[in-house]
Every structure is written in C-alpha cells, then in structure tokens.
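Working notes, beginning with the structure itself.
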Amino acid sequence: MKTAIFFWVKKMKYDVTVIGAGPAGLAAAISADKNGAKVLLIEREDKLGGVLKQCIHDGFGLIKYGEKLSGCEYANRSIDELMKRDVSLKLRTFVSKVTKKKDGFNLLLSSSGKLENIETKKIIFATGCRERTPKQVAIHGSRPAGVFTAGLAQYYLNVNGQMPGRKCVILGSGDIGLIMARRLTLEGASVLGVYEAKDSPSGLTRNIYQCLEDFDIPLYLSHTVTRLHGRNRLEGVTISKVDEKMEPINGTEEYVSCDTLIVSVGLIPENELPKTLDVPMSKYTKGAIVNQYYETLVNGIYACGNALHVNDLVDYVSESGEEAGKFAAIRDKSDAETIDVNFTSDFGYVVPQKIVKDSETATFYFRTSRIRENAVVKVYNKDEEIFRKKYLNLKPPEMEKIKVNIEDVSEIRFVMEVSK
Amino acid sequence: MIDKTFTCIVCPNGCKLNATVLEDNKLVVTGNKCIKGIDFANNEIFNPKRMLTTTVKTTFNSMPYLPVRTESEIPKEKVFQVMNVLRTTVIKRQLKVGDIVIENVLDTGINVIATMNTEEKRYG
Ligand SMILES: Cc1cc2nc3c(=O)[nH]c(=O)nc-3n(C[C@H](O)[C@H](O)[C@H](O)COP(=O)(O)OP(=O)(O)OC[C@H]3O[C@@H](n4cnc5c(N)ncnc54)[C@H](O)[C@@H]3O)c2cc1C
Ligand code: SF4
C-alpha cells in the first residue's frame, strides 16, 4: 500500500507534454509555454536538437532567420530560446506507455531503468521521422558490411568522425544522400555515382547542383541497384536500368566495384506511440490526420514536424511546432463541425486533412505528385473558387504553403490545372 | 568562347540557364526568367563561391569532433585547400557557437567558426 501512496504523491501534472526535442518539439514547447501552459518536454537522447545535431551543412533557417545557418546552429538558437522559458525537461527519457483518461492522458516514462507516471491534459507528438532501410528496397545478394542508410553514414562521419568507406555508390537521390555525396568527397572518398530509380531527382535542385555537379558526381536517373556482391565487406554492386514501372530491365546490368553503398530512399514519419492510441493515420503522409490546429482525430493529441509529414525545410518544421504548441495550450474542445479536405491525384498530399469550421483562414501545405510546369492550383468550396495561385514550377521534393480564406466553407477541394 | 549550361538555384523556379562568354568577356545569358539569373551566371562563371562546412578534431571526450563552417562563402577553388588545413586542426579550448576556430583561413579574409558549443550546458 505504501507504494501506492508514494506514486500518488509523486505524480506530476502538466497541461502540455511534448514528446521529442528536435526542432518541432523545441518550438512546440517554447510556444506552449509562451501561451501560458505548464509544459513538459521529453527526449529519449541525452542532447536536444534531434536530427539537426548531425546536420553540419548549411542551408537551414533562410525563412525563419533570413540567414543560411548550419543545422547545428539552427538547433542552438531554439535551444537557447528554450532555456529562457519555464519548461520542464526530461532527457534520456522514453515514453513507454500512454493511456487515455477522462480528462487527459497518463504517461508511463522510463529513464535509466526508473519508471515514473505523469499526467497531462494534452500531448504533442514531435517524434520526427526515420529512414527507409535497405531492407525495404528489393536488392539481391547477401548482406555484407558496408551498406548504410544515408542518415547513419551522416551520424558516423559527422558525430564520430568515422569514414563509412572509400569507394561509394549512392542509391536514391534524396537530400541526405546528396549531402553525403559532397561530404564524403570533401573527406577524400570517391563517390562513383548516384542511382535513382525514378525519372526525376528526389532531392532539391540546390543540392543536385552544389553536391553533385560541383564535384562531377554523375546522377543516373531510372537506374537502381539490383545486387550486392562481397562476402564480409561489400566489393561491388550490380546496377540495372529500370522501366516506367521501376522494374529492372533484363540485359542492362552493369557491375560497379565499390566498398560502400549508401541508401537514401526516403523518410517515414515515426508514429509508433500514436498508433497504440488508435490515432488515425493518412496513407499519403504516413503521419497522423490533423485539422488546422494540428490536432489529430483523437481529442487532446497533437502532431507536428516530421512526425506529421516529412518536410524539406526545417523552417516549416519549427513553424508547425509553434502552431501546435500554441493551440495545444489555448484550445478547448470545439463543438464546431469538421469537414474533409479533398484533393485530386495531381497532389501527393495536402495537410491538414480536416478543417474545423470555426476559423477564418487556414494554412495548407501540399506537394505535387509529379513535376509540373505552369500549373494553377485552385481551391474550391463546393463549386465556388475560393483560392487560386499560379506556379511556374511544381516539383515533388519541394513542399508548397498557401493560406486560404475558409469562412463559411462546407467542402474543400484542391484541384490542379495544367496547361499543355 | 566559353559555353556553359547550368541550373539557377536562386529561387525554386530553377531555370535552366545557358551562358556564353564572348571574346570581350561579355556574358550572354538565356533561359533566365528574371534578372537574378544573370547575376547568378555571372558569379558562377567569373567568381564561384561556396560555403564550406565540415568537422575538426577536438581533445574532448564528450565531443570528439566539432562542426565548423566558413563564416561566409569562400572561392570555390579554395574548398579542398581549406579542407586540408582543417584536417590538421585540433581544438583544445572550449568554444561556443560563432567563436573563431581559424582566423582569415588561407588569406581568404574569411574566418572558420564553430557551429556548436563544445561545452555541454546542463539540461534537465
Ligand atoms: C538522418 C536524417 C538527416 C536529415 N538531414 C536533413 C538535412 O540535411 N536537411 C534538412 O533540411 N532536413 C534533414 N532531415 C529532415 C529533418 O528531420 C528535419 O528538417 C527536422 O530536423 C525534423 O525535425 P523534427 O523535430 O520533426 O524531428 P527530429 O529532428 O527527428 O526530432 C525528433 C526527436 O524526437 C525524439 N524521439 C522520437 N521518438 C521518441 C520517443 N518515443 N520518446 C522520446 N523521444 C523521442 C528523437 O530522439 C529526436 O530527438 C533529416 C532527417 C533525417 C532522419
Ligand atoms: S533566373 Fe530568376 S526565376 Fe529563374 S531560377 Fe533564377 S532567380 Fe528564379
């Protein structure tokens, strides 16, 4: 019985608990505190900053600060801001279990073997994303050493100072892979080429230009790695051309000798915990379905940053955290009706997927599903056009942001018109 | 005469530029949707510059490598030379974000600065 009393005394209560202390979680915690909430920020690692800790390259913060900062510097600014606020912080702490209660949630935290229960009214998931692994790509052959995801290679090299290898092939043209191509070249490795199964690059144009073209690293579109060679350490890979369905074409195989394969084939939002709470997920973003307040379909649970959808710019990640933190702090349950946001197959996705009919404007983020030139994006309320914007260029790697007046809407539909 | 095609990366439009340098060093650019594309091509051909970001060794166990960058862009052809200087640099004193690691590296007039604090603050 003693222990029961002990637990009852110890149980801390918070208004808003933020899980994950990357840029999204930092912004959410700062903003929730600014808006008067009692805030707890939980991080499983021993440092703040999330994946930015290993992003030593520049290009962060152009929108938020008007400067080109490195990822580390960007994180440092948010961390400095957090330190000025009254946010409770738990590092090296893992959320083991979340249970829904009548008026909020109970969280079971584990920290170096110790368990603790806390109560919170709202939860913000800012758990970031993880990389698709080589296992999720169909490659034949055994699994010799020397095969890394781009993020892992980035961690080894930038944080531990370990070179992943000397003769590298990169599979996938995602941004982290491109950044690593430059990084490895600067450190003296030879990068033989970047192979991309799609017929257009996945990474930003800036990175294709400054990370590949600057160093004469070839980019092969519509190509993939189909076999790994080598017993203990990788000795080479078989490259094949692929058809429009991304299936390897017989007879196009080519052997490339290398000791390292770096796989950069995309990121997926990290959402193991919300799934245990039956938070509905979007099949397009692989993150939670949210409304314009970043609230999921489970009352009191919010999501932001890369846990919500994979962003290409950290500035937008912080922005989403700031909004989620604010609304988690100030919003009460709303009785207003919620409507769907629909979109055609010209879009990869649109976030938020739901709109609560109690605000005048809403900010939407979207991606096109393929490269488009001279496209007009229109938003309809039933048959009435409520927004239009012309784009010279739309590319899947580049997320777009628009603000739409949504007063008195009863249905929202995103349409894209492409002039031939 | 130099003929070069490249992608303008100043804005998301990513215009495909074609730049021709005539005998008298005059530059003719086509494919740009705005004037910034001409400046971009001009710089890329006559004075290309890049930001260099990398890490340098430290004597600290808690952070064996410190992320650094050039304070602003350096001439592109100096990138590998500056890398060679940084490869032999070892940090022995505590530094904060923005502190100078190497002053006026290779006479470029540009400093190399730390982009992380070496000393860990106590959090939580
Ligand atoms: C390997 C990698 C490299 C990247 N490189 C770039 C880049 O070069 N440029 C760029 O613009 N973007 C890059 N990104 C995208 C980058 O993730 C975003 O720009 C941004 O950092 C995302 O911020 P976030 O806060 O949403 O997530 P993160 O920065 O990933 O932060 C999430 C945090 O949540 C913590 N966490 C997760 N689950 C739990 C849990 N159950 N309990 C407690 N804590 C938890 C994690 O430890 C982490 O600290 C990269 C992503 C990855 C995965
Ligand atoms: S030329 Fe102008 S419009 Fe085209 S990419 Fe450059 S800055 Fe953008």
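The values are calculated or read from the model by the stated rules, or taken from the named source; none is laboratory data. Predicted, not measured: the structure shown is a model, and the values here were computed from it. Cβ sites come from the backbone with ideal geometry, for glycine too, and all protein chains shown count toward neighbours. Just the protein is used for accessible areas: all its heavy atoms, side chains included, with ligands, DNA and RNA removed. Shrake-Rupley method; radii C 1.70, N 1.55, O 1.52, S 1.80 Å.
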Would you say A:Leu152 is among the aliphatic types (A, V, I, L, M) and open to solvent by 40 Å² or more (accessible area, probe 1.4 Å)? yes
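In the list A:Ile56, A:Ile63, which residue meets the criterion of being of a type in the set (A, V, I, L, M, F, W, C), in a loop (DSSP other than H, G, I, E, B) and within 9 Å of chain B (Cβ to nearest Cβ)? Working first, answer last.
Values: A:Ile63 fails: within 9 Å of chain B (Cβ to nearest Cβ).
Testing whether each residue is of a type in the set (A, V, I, L, M, F, W, C), in a loop (DSSP other than H, G, I, E, B) and within 9 Å of chain B (Cβ to nearest Cβ) leaves just A:Ile56.
Quick one: how many residues across the range A:123-143 are in a loop (DSSP other than H, G, I, E, B) and surrounded by fewer than 17 Cβ atoms within 10 Å (Cβ to Cβ)? Full working, then the answer.
Filtering the range A:123-143 down to residues in a loop (DSSP other than H, G, I, E, B) leaves A:126-128, A:132-133, A:137-139, A:141-143.
With surrounded by fewer than 17 Cβ atoms within 10 Å (Cβ to Cβ) added as a condition, the list becomes A:133, A:137-138, A:141-143.
Residues in the range A:123-143 being in a loop (DSSP other than H, G, I, E, B) and surrounded by fewer than 17 Cβ atoms within 10 Å (Cβ to Cβ): 6 in total.
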Within the range A:88-113, which residues are away from ligand 1 (no atom under 15 Å from the Cβ) and more than 20 Å from A:Asn271 (Cα to Cα)? A:Lys101, A:Lys102, A:Asp103, A:Gly113
Within the range B:1-38, work out how many residues are on the phi > 0 side of the Ramachandran plot, surrounded by fewer than 17 Cβ atoms within 10 Å (Cβ to Cβ) and within 14 Å of another protein chain (Cβ to nearest Cβ). 1
Run A:Lys275 past the list (1) open to solvent by 30 Å² or more (accessible area, probe 1.4 Å); (2) outside any loop (DSSP other than H, G, I, E, B); (3) modelled with pLDDT of 95 or more and report the number of the one that doesn't hold. (3)
Within the range B:39-59, which residues are under 20 Å from B:Ile91 (Cβ atoms), assigned to a strand (DSSP E or B) and either within 8 Å of another protein chain (Cβ to nearest Cβ) or of a type outside the set (Ser, Thr, Tyr) (or both)? B:Thr53, B:Thr54, B:Thr55, B:Val56, B:Lys57
What's the total number of residues in the range A:317-362 that are surrounded by fewer than 17 Cβ atoms within 10 Å (Cβ to Cβ), modelled with pLDDT of 95 or more and among the hydrophobic types (A, V, I, L, M, F, W, C)? 1
B:Pro67 - would you say it is open to solvent by 80 Å² or more (accessible area, probe 1.4 Å), within 10 Å of chain A (Cβ to nearest Cβ) and within 16 Å of ligand 1 (Cβ to nearest atom)? no
Please give the number of the condition A:Ser78 fails out of (1) within 18 Å of A:Tyr294 (Cβ to Cβ); (2) in contact with a Gly (Cβ under 6 Å, 6 or more places away or on another chain). (2)
What are the residue pairs meeting all of these: first residue in the range A:39-63, first residue touching a residue at least 24 places away in the same chain (Cβ under 8 Å) and on the phi > 0 side of the Ramachandran plot, second residue near ligand 1 (Cβ under 6 Å from one of its atoms) and open to solvent by less than 30 Å² (accessible area, probe 1.4 Å), Cβ atoms under 6 Å, and 6 or more apart or on different chains? A:Gly50/A:Gly22; A:Gly50/A:Gly128
Which count do you get for residues in the range A:383-407 that are touching a residue at least 12 places away in the same chain (Cβ under 8 Å) and outside any strand (DSSP E or B)? 7
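If I filter the range B:28-37 for residues that are part of a loop (DSSP other than H, G, I, E, B), away from ligand 2 (no atom under 15 Å from the Cβ) and small (Gly, Ala, Ser), do I get at least one hit?
Looking for residues that are part of a loop (DSSP other than H, G, I, E, B), away from ligand 2 (no atom under 15 Å from the Cβ) and small (Gly, Ala, Ser), one finds none in the range B:28-37, hence no.
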